[in-house]
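Just so it is clear, none of the values below were taken in a lab; they were calculated from the coordinates. Here the structure is a predicted model, which is why all the values come from computation and not from measurement. Positions of Cβ are generated from backbone atoms using ideal geometry, with glycine treated the same way; all protein chains shown enter the neighbour counts.
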Amino acid sequence: MSGLAVFLGAALGFAAVRFKVQEDPIVEQIDAILPQTQCGQCGFPGCKPYATAIANGDAEINQCPPGGEDGIHKLAELLGVEFKPLNAEHGEPKPKSVAVIDETTCIGCTLCIQACPVDAILGAAKQMHTIIAQECTGCELCIAPCPVDCISMVPIAEDVATWKWKYPVVKLKVA
Amino acid sequence: MDIQSYILILIGTVFVNNIIMAKILGLCPFMGVSKSLETAIGMGAATTFVLTLASGSSYLINQYLLGTDLTYLRTLSFIVVIAGIVGFTEMFVRKTSPVLFRVLGIYLPLITTNCAVLGIPLLNVQAQHNFIQSLFFGFGGAVGFSMVLVLFAGLRERLEGADVPAVFRGTSIAMITAGLMSLAFMGFAGLVK
Amino acid sequence: MLSSPYIAEQSSVSIIMLKVLAALVPGIAVYVWLFGPAILVTLTLASVTALVLETIAVRLRGWPAKPFLMDGSALVTAWLLALSLPPIAPWWLIVVGTFFAIVVAKHLYGGLGNNLFNPAMVGYAVLIISFPVQMTQWSAPLSLAGAHLSLLDSAQYIFTGILPDGLKLDAISSATPLDTLRTQLQLEHTVREITRLPIFGNLGGTGGEAVVLMFLLGGLYLWLARIITWHIPAAFIAGLWITGGLFHISDPDRYISPWFHLATGGVMLGAFFIATDPVTGATTPRGKLIFGAGIGILTYLIRTLGGYPDGVAFAVLLMNIMVPLIDAYTQPKVYGHKQKEPAE
Amino acid sequence: MTRQLYEFNGGVHPEEHKHASTSRPIGIAPLPRILIVSLRQHIGQPAKPIVAVGEQVLKGQMIGQAEGYVSVAVHAPTSGTVTAIAGHAAAHPSGLTDLCITIAPDGADRWIEHSALDYRNMDPSHLRNQLRDLGIAGLGGAVFPSFIKLNPGATQKVPTLVLNGGECEPWITCDDMLMRERAAEILAGAAVMRYMLHSDEVLVGIEDNKPEAIAAMQAAASQCDFPVEVVTVPTLYPGGGAKQLIKTLTGKEVPSGGRSTDVGVATFNVGTAYALHRAVNHGEPLISRIVTVTGNVHRPQNFEVLIGTPLAELVRLTGATRDDTSGYVMGGPMMGFDLISTDVPMVKATNCILVKSLALFPPPPPAMPCIRCTRCAQACPADLQPQELYWFARAKNFGKTQEYHLFDCIECGCCSYVCPSHIPLVQYYRYAKSEIWAKEKDKKAADLARERHEFRQLRIEREQQERAAKLALKASAKLAEASPESPDDAANAAKKAAIQAALERAKEKKEGVTPRNIENLPPEKLQEIAEIEARRAKIRAMAKDAVEK
């Protein structure tokens, strides 16, 4: 019996060496699912750190409100774990919105420029600042540092180009 | 032992007394891995590989190593061999397709604890199969296991879109489907004497 | 708000189901003429139970009952189940069968369109496995039976199990040709001797073959009315006939000619009405061929080698299990695509 | 010789209702009171307005310039003044507003001076740009900029040119009447197309339920100087679809996701050919088109309508609206969409205004569950499996819908038409498509955000490294300076002494500063100033030792 066990141990040792595996690229796959708003609501300074945390197992998959339920489903499917509903203490999923600077009160202090994770704010010291709408991810990180509170979040209105067909409501419930 | 009886053993283990449907063995991977088709196929292949090797080597151990007096060591030795083979398979799968490894997750090492994997060698011993017969029996059992697993995965994927009442959604409707499947497999009863 | 198209063909699920029921009527008429009115009692009992269970299940789901009762799918399931049960089977057998068919096989999965297994066959399979004795009490063809049961007497027997004034059970019931064939074969009689028994008509069972013929006509009507496509019935019959033929050629004494198999048991009913259930069958043209052929072959194997007299039910259920895979691997070529890669 | 025709899968035969609107010739719609010209009338970027409010414009003057490659220009349908450039109810299923230019006609209808294009000896790309600036876009319903389709591409040759006179949608007869009355001009336009694409054969596909149109086109074809073959195709909806007509006429299948030129065929609507003729041979931009006004109206008829005419004025041409009108559809009953309000303007894509009534178009019964009867698969002209697409679209499993080739669906409506359970299948597919497009747009935005974020991290690191390097440089320089006395040290010492002296002088001046002009103040004022001075000194002292700590 012990002979058998020793033999198997040797075989496994040899196999372990031959089948050395490099680090698998799971972090990139998780990062690909995350919405890249870099908003930090998940408790990590950006999407990539959150992705690494999930890969190492010390973060849950339901801490990303901008990702919404759909993002969690995809993460659960990728990692083969059970789907967990969005954990409310990290915030509620809000309609996609864009930050807008009220140009009458902006004093050009560049604090929001340093805070913006995706460099979506154009401006220089003592010059007028403005936000590039297409680049802004709606992460709301620029609102806090602004000393004169001139930044407000404006939800993106639906226009003819972005309008989506609605899910057909089948009136079966009512008699 | 001509070829005709081997075919009978094969048909017997794959259809008539199927590991999952008739013998109700190996239910935990059956329920756990059948969520999607790819994972089911991956799991089926891995189990077939492990089972064929296990039933072959377990026959050898039982015949030559244990002899007649050490039979009480049978289960222990079988488990050791199976663990070794599964360890080997796990590394092999991790190397060849990390995606499958990631998706199978916990169920790959769980093959060791899969009651079918231990059950078949013990059944082999009980039925005093010779080496070739136990190989065929193991292989047939594993093919039956993977076939039913893949079919069940197909059914469950279609079930995803069904408007199942909330109470039964998820595993419960899967259990019911498994029950109805074994009801259908009862039709094969008595096919092979 | 609903978008285009704003016009539609004049068809509905209830029209389809009514046409299927109409196609069954000639078969039932001949059934009553040759085997007595008992089947009518079974049919009504099954239909009533099915409708009651359907209403309860639909109400539980909070849906309006009227559209679901009108669509007739519960009726079709009830009739198919009743026609595959012995006509003088006890009443509770029918109720249990219908319960499994309508509630377990259909509504647990979400009602019409969501079920994976053919409801009628699930009901039949549950009954044949759990109550084998009652399931073999088939009534004898009137030409051979000792006595004829009127409608009232049949109803009385079905509901109370008491025969009118001293009639004995085996005066009115007898084994089906399939059962007799199986038992005789076990006694090592050759096929030629067995077919001389009175129960065997010129092609199938006496009386039984006429009913099967009418079901065949009903099925052809369904095909002409474009309710079903020819793929499944044709593949079913071909699958059964070819396997039967091979076995027959290999050993004519042990295996009866395939024509007999076509004319007995639930083959025609199965081919045109049960296997073509759209919800649980294969959907692609090539898939339907594989589905039908599979049922044919399995029916023959279960009948001759297996343990149950008529394998149609189990064959249908087994092929229902295969349907998702069959569909995934037989997707037809889409406009503008080269080869047919599996859409699995 | 009758051409060998091929068959495409499925198709349905809805009632045609075409006879009503073909009994009258094409009417010329009078000048409407107001014209609302939408800037998004074609596939691609909307046009950019180049006129200002209050400006006078002439008929045919360009008021919106093509922006980006896939775009065409937009023109003033008549002379008048631009009253507004603002959002207005648009011809779009969403009912949302879109940027439109409103023109108040001055009644003069004065043309801008325009002349024919000498297309034969013009550089082809210049000709195509001219067509773009004349606003020529496909009038079959897709409204794809024609100048892009008229580019023969790498092979410099598209062997087969198909004119689509199929018009398989019920109720619509605008192409039919156009072919009956202006066949010669259509073929003149086809001549230009044939020249631009160097085509060998020109086919005109017309369904066999339009005998007069076939006769007219054959008569015109006989006068043509190049071979034109008028082919009668069987009437089967959607036989008039571009892909289906190509399969019927040539047996070739347009590759999925590819263009018809990949199989050497180019398809144009007969209306587009007519518009091309007006543009090239008369220099007129696309400012009007034939529109069928039919359905629940007294006198259904086809009109030549200025683009931008409000719906209400157009319907009034067919007599007073009947009271049981239940809605208006732009397009046919199979592929059109509901119009929310009656002042929606006509656009280049408007081939028909269908006035609905509950009698003609009863609301569909409530949808029953799908029984997978595969009638929709038998009817689908794109050989798809609608029951599988529905199954996965309903479960919102968009990955699977794409595996079953959702984007090959041409939304023709055949599946919903034949569905015995009356399920709005096409709406499920439209919902799934717009969700997938939206997700892809979000994905692109997310990738962009990730790139910018990573670049920002890089930039911050680089700046830190630079700063660290600079500090290190400065530190090493100070070190070098503190070590051995070197000749330039004397100069440093002298400089330091000078600084020291300046500091002393500044301090004395500050102490010396005492408040002036206090000589003639009463004693208590003096005393008060002294107190303030004392307090100031104390604060200065406190400030000094706070700095030392």
Note to self: Can you tally the net charge around D:Val254? Count Lys and Arg as +1, Asp and Glu as -1, for every other residue whose Cβ sits under 15 Å from the Cβ of D:Val254.
What the structure shows: +3
Margin query: What distance in nm lies between label points placed 7 Å from Cα along the C-beta direction at C:Leu21 and C:Ser250?
Written below: 4.5
Next item on the list: Any chance you could check the Cα centroid distance between region D:133-181 and region D:378-445 for me, in angstrom?
Entry: 27
Check: Out of every Cα pair in region C:12-173, what percent are spaced more than 26 Å from each other?
Finding: 29
Margin query: Relative contact order of region C:12-173, please, whole-number percent, based on alpha carbon pairs below 8 angstrom and at least 6 residues apart.
Written below: 27
Notebook entry, point to check: Hey, can you list the DSSP H helices of chain B whose Cα span along the axis is 20 Å or longer and whose average Kyte-Doolittle score is at least -1.0?
Noted result: B:37-60, B:74-96, B:131-160, B:171-185
Item checked: Mean-position separation - Cα centroids, region D:25-101 and region B:118-193, in angstrom -> 67
Notebook entry, point to check: For region D:365-474, what relative contact order do you get, as a whole percent, if you take Cα pairs closer than 8 Å and at least 6 residues apart?
Noted result: 25
Next item on the list: State to the nearest 20 debye the size of the charge dipole of region D:97-160 about its Cα centre, where the only charges are +1 on K and R beta carbons and -1 on D and E beta carbons.
Entry: 420
Item checked: chain B: translational diffusion in µm²/s, Stokes-Einstein, Kirkwood Rh over Cα pairs, 20 °C, 1.002 mPa s -> 123
Check: aspartates and glutamates within cross-link reach of D:Lys525: Cα-Cα under 18 Å, excluding same-chain residues under 8 positions apart?
Finding: D:Glu533
Next item on the list: Kindly put D:Glu508, B:Glu157, D:Glu201, D:Glu481 in sequence by how many other C-beta atoms sit within 10 Å of each C-beta, fewest to most.
Entry: D:Glu508, D:Glu481, D:Glu201, B:Glu157
Checklist line | Per principal axis, descending, Cα span of the protein assembly as shown in whole Å | finding: 150, 99, 67
Item checked: Candidates B:Gly56, B:Gly87, B:Gly26, ranked by Gaussian network fluctuation over chain B, Cα under 10 Å, top entry -> B:Gly87
Next item on the list: Please state, as a whole number in µm²/s, the translational diffusion coefficient that the Stokes-Einstein equation yields for region C:176-328 at 10 °C and 1.306 mPa s, with Rh defined as the Kirkwood radius across alpha carbon pairs.
Entry: 101
Checklist line | Three principal axis lengths of chain D [C-alpha, angstrom, descending] | finding: 120, 61, 56
Notebook entry, point to check: Could the peptides D:260-270, D:470-480 be put in order, highest first, of the mean number of other beta-carbon atoms found within 10 Å of their residues?
Noted result: D:260-270, D:470-480
Check: Which lysines, on any chain, are close to B:Lys95 with Cα under 21 Å apart, when same-chain ones fewer than 8 places away are left out?
Finding: A:Lys20
Next item on the list: Would you mind computing Rg(Cα) / (2.2 N^0.38 Å) for region A:1-117, counting N as its residues?
Entry: 1.65
Checklist line | Spatially proximal lysines relative to C:Lys288 (Cα-Cα < 25 Å; intrachain offsets below 8 disregarded) | finding: C:Lys19, C:Lys106, C:Lys333, C:Lys338, C:Lys340, D:Lys400
Item checked: Computed [θ] at 222 nm, helices only, for chain A once each DSSP H run of length n ≥ 4 contributes -39500 (n - 2.57) -> -9000 deg cm²/dmol
Next item on the list: Output the relative contact order of chain D, whole-number percent, from Cα pairs under 8 angstrom with separation of 6+ residues.
Entry: 15
Checklist line | Likely footprinting exposure, C:Thr176, C:Thr44, fewest C-beta neighbours within 10 Å first | finding: C:Thr44, C:Thr176
Next item on the list: Return a single number: how many Lys pairs in region A:94-175, at a sequence separation of 8 or more or on separate chains, have alpha-carbon atoms below 24 angstrom apart.
Entry: 4
Margin query: Given points 7 Å out from each Cα along the Cα-Cβ axis, report the D:Ala469 to B:Leu76 separation in nanometres with one decimal.
Written below: 6.8
Checklist line | Binned Cα-Cα distance frequencies in region D:365-474 - 10 Å width, integer % | finding: 14, 32, 17, 10, 9, 8, 7, 4, 0
Notebook entry, point to check: Any idea what the dipole of the protein assembly as shown comes to, in debye rounded to 20, about its Cα centre with Lys/Arg Cβ at +1 and Asp/Glu Cβ at -1?
Noted result: 800
Next item on the list: Return the long-range amide H neighbours of B:Gly26 (sequence gap of 5 or more, or a different chain), with a cut-off of under 5 Å between placed amide H atoms.
Entry: B:Cys115, B:Ala116
Check: Among C:Phe260, D:Phe226, B:Phe101, which comes first, then next, by fewest other beta-carbon atoms within 10 Å?
Finding: D:Phe226, B:Phe101, C:Phe260
Next item on the list: Decide, for region B:83-193, between rounded, prolate and oblate: order the square roots of the alpha carbon gyration tensor eigenvalues as a ≥ b ≥ c, take rounded if a/c falls under 1.5, and otherwise choose prolate if a/b is larger than b/c, else oblate.
Entry: oblate
Notebook entry, point to check: What are the ³J(HN,Hα) values, in whole Hz, obtained from phi via the Karplus relation 6.51 cos²θ - 1.76 cosθ + 1.60 with θ = phi - 60°, for each residue of region C:237-246 in sequence order, with x given for Gly and Pro?
Noted result: 5, 4, x, 5, 5, 5, 4, x, x, 4
Next item on the list: Could I get the Rg over Rh figure for chain C? Both from C-alpha atoms, Rh via Kirkwood, rounded to two places.
Entry: 0.99
Check: When you count, for each residue, the other Cβ atoms within 10 Å and take the mean per peptide, how do B:138-144, D:531-537 rank with the highest first?
Finding: B:138-144, D:531-537
Margin query: How would region D:190-248 be classified by its alpha-carbon gyration tensor: rounded, prolate or oblate, with rounded meaning a/c under 1.5 and the a/b versus b/c comparison settling the rest?
Written below: oblate
